[in-house]
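Some notes on the structure that comes next.
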Amino acid sequence: MSSAIISARGVQKSFGRVDVLKGIDLDLFEGQVMCLLGPSGSGKSTFLRCVNHLESVSGGVLTVHGQLVGYRERRGRLYESSEAEICRDRSDIGMVFQHFNLFPHMTVLENLTIGPVTVRGKSRKAAAVRAVELLDQVGLGDKLKAYPRQLSGGQQQRVAIARALAMEPRLMLFDEPTSALDPELVGDVLAVMKNLASEGMTMLVVTHEMGFAREVADVVVFMDGGVVVESGPPGEVLDNPRNERTRAFLSAVL
Ligand code: ADP
Ligand code: MG
């Protein structure tokens, strides 16, 4: 029996009086790939941000790696996590955004080594060796000394993935990683993600790439209006959606 890496039960998130997440229930198990679909504004990014400790939840229970997000239990009571505890929990999670967010003043190699050296306490040498391996894996072994601005969007996004992997995460979150790319660059980024999935990485991916979802996802979740409307294997949710809202969304994007 594999363990739940993410477990959400009735997860709510409000900003002021705006209820964005209205009770999310889902489980992501170790080694699984989950694709999260849904119209703009349905709360997909907000959910990812909660998983990655960038937002606190307003209600319900969210655990990642068996640990309650934002809280620690001591002697049967809950306390808000300290900054150091949040940092530790986050260091097991890699996140890739739509806009690559590389450090512009650092070379590709420096982008990959800074985290492992400063946060993980790796030696510069060990961090550089691992960085070179990862850059080879994403097909950019010849770009160590390049600066982000010298790379295409697709190359920058592959560097961003390699940078997240350099921290040796146990879970990878992707928030529309190919939405900002020219169409001809999308395939290379998806290929890297597919590779990662085949190596057994646990992944939660917000995407509108239906081909990727169909081929790579174990579970597809369709969200609308801050709730999970429908979830299941891609063959069910994409080819045979039971819910009217899922059907309407799919006919608009496919
Ligand atoms: P999606 O990623 O599915 O497009 P988001 O999670 O980005 O949706 O946003 C869902 C809703 O939450 C939107 O209406 C957005 O305006 C609102 N929202 C997101 N972040 C904030 C915030 N920090 N403050 C206020 N409202 C927010
Ligand atoms: Mg979003």
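A few comments on the model shown:
- Net charge of neighbours whose Cβ lies under 11 Å from the Cβ of G232, counting Lys and Arg as +1 and Asp and Glu as -1: -3
- Dividing the helix sum by the residues of the chain, where each DSSP H run of 4 or more adds -39500 (n - 2.57), gives a mean residue ellipticity at 222 nm of -10500 deg cm²/dmol.
- Placed amide H near D224: partners under 5 Å, 5+ positions off or other chain: V229
- Residues with amide H under 5 Å from that of Y71, placed H, sequence gap 5 or more: S81
- Apolar share of the accessible surface for the chain: 49 percent from carbon plus sulfur atoms, 1.4 Å probe.
- Within-14-Å neighbourhood charge of R163 [Cβ basis; K, R +1; D, E -1]: +2
- With θ taken as phi - 60° and the Karplus curve 6.51 cos²θ - 1.76 cosθ + 1.60 applied, the whole-hertz 3J(HN,Hα) list for segment 71-87 is 9, 10, 9, 9, 6, x, 10, 9, 10, 4, 5, 6, 3, 5, 5, 5, 4 Hz, x standing for glycine and proline.
- Using the Cβ of E244 as centre and a radius below 12 Å, the other residues enclosed give a net charge of +1, where K and R count +1 and D and E count -1.
- P(r) weight above 18 Å for segment 146-217, C-alpha pairs, percent: 35
- Leading residue at positive end of dipole, segment 118-254 (Cβ point charges), from P234, V192, V221: V192
- Beta bridges from DSSP with both residues in segment 22-180: antiparallel share about 60 percent, rounded to the nearest 5.
- Gyration tensor verdict on segment 89-132 (Cα atoms; rounded if a/c is under 1.5, prolate if a/b is larger than b/c, oblate otherwise): oblate
- Close amide-amide hydrogen proximity is noted between V20 and K13, S14, F15, each under 5 Å apart and 5 or more residues distant or on a separate chain (H modeled in the peptide plane; Pro and chain starts excluded).
- Whole-Hz couplings from phi, Karplus 6.51/-1.76/1.60, listed for segment 50-60; x for Gly and Pro: 5, 4, 8, 6, 8, 9, 8, 8, 8, x, x
- Candidates C87, C35, C50: whichever shows maximal mean-square fluctuation once the chain is modelled as a Gaussian network with Cα springs under 10 Å: C87
- Compactness of the chain, taken as the C-alpha radius of gyration over 2.2 N^0.38 Å, stands at 1.02.
The values are calculated or read from the model by the stated rules, or taken from the named source; none is laboratory data. If you're wondering where the values come from, they're calculated on a predicted model, not measured in any experiment. Methodologically, a virtual Cβ is constructed for each residue, glycine included, from the backbone with ideal geometry; neighbour enumeration extends over all protein chains shown. Note: accessible area is taken over every heavy atom of the protein model, side chains too, but ligands, DNA and RNA are not part of it. Shrake-Rupley method; radii C 1.70, N 1.55, O 1.52, S 1.80 Å.
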